[in-house]
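The values are calculated or read from the model by the stated rules, or taken from the named source; none is laboratory data. In this text the structure is predicted, and so the values were computed from the model without any measurement. In this analysis, Cβ positions are derived from the backbone assuming ideal geometry, glycine residues included, and neighbour counts consider all displayed protein chains.
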Amino acid sequence: WVGITTKFKELTGKVYEKTKFKNRFNNLIREWRLWYKLFGKETGLGWDNVKNTVKEMVAIFLNMVGHVVGNRML
């Protein structure tokens, strides 16, 4: 974390505590897990390389979003 905070300070001139970086990292992990769960693991969605879109119906996505409140999964 020392390297991250030092490099961040060099690039931005801002000083952040280790906890701020850890909290952001944990939030990103949580969001990635939600996306992974929605994208393919549980819903069967996939990526259409020809159309550059998500394969499957919007209804599945809306159904899964109904289980999410804020950034928390129910």
Test: residue in the range 59-71 that is assigned to a helix (DSSP H, G or I), surrounded by 11 or more Cβ atoms within 10 Å (Cβ to Cβ) and at pLDDT 80 or above: no
Tabulated pairs, the range 13-34, first among the hydrophobic types (A, V, I, L, M, F, W, C), second surrounded by 11 or more Cβ atoms within 10 Å (Cβ to Cβ), C-beta under 8 angstrom, 6+ apart or interchain: V15/T5; V15/K9; F21/W1; F21/I4; F21/T5; F21/F8; L34/V68; L34/M73
Sole residue being assigned to a loop (DSSP other than H, G, I, E, B) and modelled with pLDDT under 90, chosen from V54, V50: V50
